């Protein structure tokens, strides 16, 4: 019997603008950031790595077959303070996506 697979968040959506902003901020940090400990370390911003790994592991919440437990946990997350988002106009699935994006960028 074939098992239905659900798409991961990275396959459906990824907040590239927010990731790019956070990466630029990390590059401009002069002190106190793990990538500044040693000059020979790869200079890849951690925000990109964190976002890609998170989005690769989490199911997209706006599709059939997503576990009820995951949806319940996403619904418990607070609404992010995203400028310009009209929460009333977003579908439930898109609201859940926005919550996950805010969680992964925090």
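Annotation note: Cβ proximity below 6 Å between a residue of the stretch 64-86 that is closer than 20 Å to residue 54 by Cβ and a residue that is loosely packed, with under 10 Cβ neighbours inside 10 Å and at pLDDT 90 or above (sequence gap 6+ or interchain) occurs for no pair. Evaluate the stretch 80-89: report whether one residue or more is under 18 Å from residue 8 (Cβ atoms), out of contact with any strand residue (DSSP E or B) (no Cβ under 8 Å at 6 or more places or on another chain) and surrounded by 16 or more Cβ atoms within 10 Å (Cβ to Cβ). So far as the stretch 80-89 goes, no, none of its residues is under 18 Å from residue 8 (Cβ atoms), out of contact with any strand residue (DSSP E or B) (no Cβ under 8 Å at 6 or more places or on another chain) and surrounded by 16 or more Cβ atoms within 10 Å (Cβ to Cβ). Among the residues making up the stretch 57-96, those that are under 15 Å from the mean Cα position of the chain (by Cα) and not in a helix (DSSP H, G or I) are 58, 59, 60, 61, 62, 77, 78, 79, 80, 81, 82.
The values are calculated or read from the model by the stated rules, or taken from the named source; none is laboratory data. From a predicted model like this one, the values you see are computed outputs, not experimental measurements. Cβ atoms come from the backbone with ideal geometry, glycine included; neighbour counts cover every protein chain shown.
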